[in-house]
1. I need a count of the residues in segment 61-116 that are modelled with pLDDT of 85 or more, surrounded by fewer than 16 Cβ atoms within 10 Å (Cβ to Cβ) and hydrophobic (A, V, I, L, M, F, W, C).
2. What residue, of E144, E118, is of a type in the set (D, E, K, R) and over 15 Å from K71 (Cα atoms)?
3. Being surrounded by 17 or more Cβ atoms within 10 Å (Cβ to Cβ) and of a type in the set (A, V, I, L, M, F, W, C) is the filter; apply it to segment 122-145 and report the residue that is farthest from D179 (Cα to Cα).
4. With the condition kept exactly as written, say whether any residue in segment 29-43 is of a type in the set (S, T, N, Q) and either modelled with pLDDT under 75 or part of a loop (DSSP other than H, G, I, E, B) (or both).
5. So is F84 in contact with a Ser or Thr (Cβ under 7 Å, 6 or more places away or on another chain) and within 19 Å of Y173 (Cα to Cα) or not?
6. Considering only segment 172-183, how many residues are free of Cβ contacts under 8 Å to residues at least 40 places away in the same chain and either part of a loop (DSSP other than H, G, I, E, B) or more than 16 Å from the chain's Cα centre (by Cα) (or both)?
7. Do any residues in segment 27-56 that are closer than 23 Å to L188 by Cα and surrounded by 10 or more Cβ atoms within 10 Å (Cβ to Cβ) have Cβ atoms under 8 Å from those of residues that are of a type in the set (V, I, T) and at pLDDT 85 or above, where the two are at least six apart or on different chains, and which pairs are they?
8. Does segment 14-25 contain any residue that is in a loop (DSSP other than H, G, I, E, B), charged (D, E, K, R) and either more than 38 Å from the chain's Cα centre (by Cα) or modelled with pLDDT of 80 or more (or both)?
Amino acid sequence: MKKILLSGILFLCTALLAEAQNTSPIIVKATIFENDTIPFIELKPVTIYGLPVFKNKKDQRQWEKLVRNVKKVYPYARLAGIKFQEYEYLILTSRSDKERKNYINRLEKELTNQYADELEKLTFTQGKILFKLIDRETGNSSYELVKELKGKFMAFFWNSFARIFGYNLKEKYDPYGKDANIEQIVVLIENGAI
C-alpha cells in the first residue's frame, strides 16, 4: 500500500514538474526556399584573427610593445567615447553660447582634475595611439573634437603644436590600413583574448 501511495505521489510530482517546464515560442523571420521554410536569423559579424607569426625577435618585441601600449590607453579611449556621448547631448541642448562655453569649461576642469596625472605619464607613442583610439570610439578626429568643443582657433593651435612633434590631429583612424594592427589588438581585448 505504501509503495502504491509513494508511486502515486512521485507520479504526481513528475507531472507537475513536466507542466512547469513550458516554454514560450521564439518567433523568428523565415524565408521559403524550394517549398521549405528556413528560419532567417541575423548574426553579428565575427572577426577571426590568427596568432601573429613573426619573422624575427625584433618584430615580436614590436608587437608586444604595441599590445602593451594599446592595453594601457584603450580604457581611456573607451571612457572618452562614453563621456563624449554624455556631453554632446548636454552641450547641444544648452540654451546659449555662453552657457555652452561655461559648461565646456566646467567639464574640462573636472576631467583635468580627475585624469591629468594619469595622462601626463603616457609616453609619446601611447599618446598617438590614444588619439587614434579616441577617433575610433567617437567617430571624430581629435581636430574635429577640439574644433567642435573649443573653436577653430584652438583646434588650429593644438594641431600646429602637435605637428611640431610629428603628429597631425586631423589624421583619421584607419582600421583596414595603417592602423590594422591596433584594430586587431582592440578586437582581441574586447573579446577577452588578451
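The values are calculated or read from the model by the stated rules, or taken from the named source; none is laboratory data. All figures in this text were calculated on a predicted structure; none of them were measured in a lab. Cβ: placed from backbone, ideal geometry, glycine included. Neighbour counts: every protein chain shown.
1. Residues that pass the stated criteria total 2.
2. Details: E118 fails: over 15 Å from K71 (Cα atoms).
After applying the criteria, what remains is E144.
3. Among those residues, the one meeting the criterion is L145.
4. Within segment 29-43, one or more residues are of a type in the set (S, T, N, Q) and either modelled with pLDDT under 75 or part of a loop (DSSP other than H, G, I, E, B) (or both).
5. On the way: in contact with a Ser or Thr (Cβ under 7 Å, 6 or more places away or on another chain): yes; within 19 Å of Y173 (Cα to Cα): yes.
Yes, satisfied.
6. Of the residues in segment 172-183, 6 are free of Cβ contacts under 8 Å to residues at least 40 places away in the same chain and either part of a loop (DSSP other than H, G, I, E, B) or more than 16 Å from the chain's Cα centre (by Cα) (or both).
7. T47/V187; Y49/V187
8. If we filter segment 14-25 for residues that are in a loop (DSSP other than H, G, I, E, B), which is where we start, we get 21-25.
Pick out the ones that are also charged (D, E, K, R) and you get none.
The answer is no, given that none of the residues of segment 14-25 is in a loop (DSSP other than H, G, I, E, B), charged (D, E, K, R) and either more than 38 Å from the chain's Cα centre (by Cα) or modelled with pLDDT of 80 or more (or both).
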